[in-house]
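Asks: To start, I am sharing the structure in question, which I have written as C-alpha cells.
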Amino acid sequence: MRGLQRAGLVATVAGLVSGCNPVIRTSQVDASLQSDDGGSTEQARPGSQTDVRADTRLTPTDFAAVFSSDSAVSSDSRAFFRDAATADSRPGTDLRPPADVRIVEGPGIVEYVSFSSAGTVVAGQFDIARPAGVLPDDVLILYLGGGGGEPDRNQTGWTRFAWCFETGNQVLQCLDAGGDLNGQAFYRVVSRNEPDGYTLFNARSNHAEAIIVAVRNADPSNPIFSYARQSSDGDGNATIFPSTDGTRGGVLVCAMTHDDPQQLRAPAGMTLVGYRAGHGDAINVLVKELTSDGPTGAIKAFNDNVVSGGNNDLAFSMVVRPRAP
C-alpha cells in the first residue's frame with residue numbers, strides 16, 4: 001500500500017456519485033496504520049469518524065491488514081471497506097457507507113489508463129482509435145508530430161496547448177511555424193457519448209504520427225498544470241526532457257519527436273507507453289506519477305540505438321493536474 005499519510009487512513013469510494021463501479025483508496029484519516037517504510041502507527045480512537053476520499057488504491061490485501069483486527073473500527077465499517085475493496089470485480093455493486101464513515105471530496109492521483117496510436121505517410125486525414133477502457137471525465141492527451149511539413153494546428157474536438165516547430169536541424173528554440181521536425185500537444189475530456197475514434201488532419205505534411213494517452217482522476221475543467229519545451233538538445237544518444245512545474249498527485253507526460261526512428265529506453269520511475277516510427281522519423285511518449293510538488297527536473301532518456309541517426313529532436317514535458325478537492 002502506498003501513499004499513507006502520517007495522520008493515518010482515509011479512503012474514498014469513487015463512483016458513489018458518478019455511478020461508476022466504486023474503488024476504495026487510501027489517503028488520510030483519524031486513524032493511523034503501518035506504512036511501507038515500517039514507521040510507527042497509532043490505533044484509531046474509539047468513536048472517531050473515518051473520512052473517505054481519493055488518493056491511492058486500497059486492495060483487498062491492504063484491507064485485511066488494516067481493518068480485520070482493528071477493534072476501534074465498527075463491524076459495519078469493516079464490511080463497507082471490505083466490499084469497496086473488491087467491488088471492481090462485482091459490477092453493479094451499490095455500496096452505502098455506515099454511519100461512522102463520512103464521504104468527503106479530496107484530490108485524486110492522476111492515473112495512466114491506456115494509449116492508442118496511428119500514423120500516415122501521405123498528406124491528408126487519418127483516423128486514430130479511442131484508447132481502451134476510458135470513462136466519462138477521463139482526460140486524453142494527444143501528441144501529434146513528424147517532419148516534412150506541418151500537421152494541422154486545429155484538430156476537431158481537441159484543445160491545442162503546446163507546440164514546437166523547427167525549420168531545419170539544430171534549431172535551438174521552438175518556433176511557432178516550420179516545415180521540418182514538429183510536435184503539437186492537445187487535450188480533450190471524455191464525454192458520455194465519446195466516439196470510438198477520431199479523425200486527425202494533416203493537409204500540409206507528407207507524414208505524421210500520433211499517440212493518445214488516457215489518464216483518470218485529472219481535473220476535467222483545467223487539466224494542464226504546466227508544460228515546457230526543448231528543441232535540439234544536441235545529444236545524439238538521448239533526448240533531454242526539460243524541467244517543468246510538478247504537482248503532487250499529477251502525472252508527467254513526456255513526448256518527443258526525433259528525425260530518425262529512435263525508440264527511447266524509459267528512465268527509472270517512468271513508463272514508455274507509446275512509440276511510432278514513420279517516414280524516417282519517430283515519436284515517443286512516456287509517463288510518470290508525481291508524488292511531490294516542485295520542479296520535475298530535466299530527464300534524460302537514452303535511445304535504444306537500434307537505428308543509428310543524428311541528434312536532432314524536440315521534447316515536451318507536460319504535467320496533468322489532479323482533480324481539485
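Bear in mind that the values in this text are calculations on the coordinates, not laboratory data. Only a predicted model underlies this, so the values are computations on that prediction, with no experimental measurement involved. In this analysis, Cβ positions are derived from the backbone assuming ideal geometry, glycine residues included, and neighbour counts consider all displayed protein chains.
Asks: Taking neighbour Cβ counts within 10 Å as the exposure measure, how do Asp196, Asp180, Asp235 sort from fewest upward?
Replies: Neighbour counts put them in this order, fewest first: Asp196, Asp235, Asp180.
Asks: Output the peptides 134-144, 116-126 sorted from most to least packed, where packing is the average of other Cβ atoms within 10 Å over each peptide's residues.
Replies: Highest-to-lowest ranking by the protection proxy: 134-144, 116-126.
Asks: I would also like to ask the following. Would you order Glu194, Glu166, Glu209 from fewest to most other beta-carbon atoms within 10 Å of each residue's own beta-carbon?
Replies: Ordered by Cβ neighbours within 10 Å, fewest first: Glu194, Glu166, Glu209.
Asks: Just to check I understand the Karplus step: with θ = phi - 60° and J = 6.51 cos²θ - 1.76 cosθ + 1.60, what whole-Hz values come out for region 217-222, glycine and proline as x?
Replies: Going residue by residue, I get 6, 7, 6, x, 7, 7 Hz, with x marking Gly and Pro.
Asks: Here is a further query. For Ser243, Ser317, what ranking results if the residue with the fewest other Cβ atoms within 10 Å of its Cβ goes first?
Replies: Ser243, Ser317
Asks: Projecting each Cα onto the charge dipole of region 194-271 (Lys/Arg +1, Asp/Glu -1 at the beta carbon, about the Cα centre), which of Gly250, Ala268, Gly236 comes out farthest on the positive side?
Replies: Gly250
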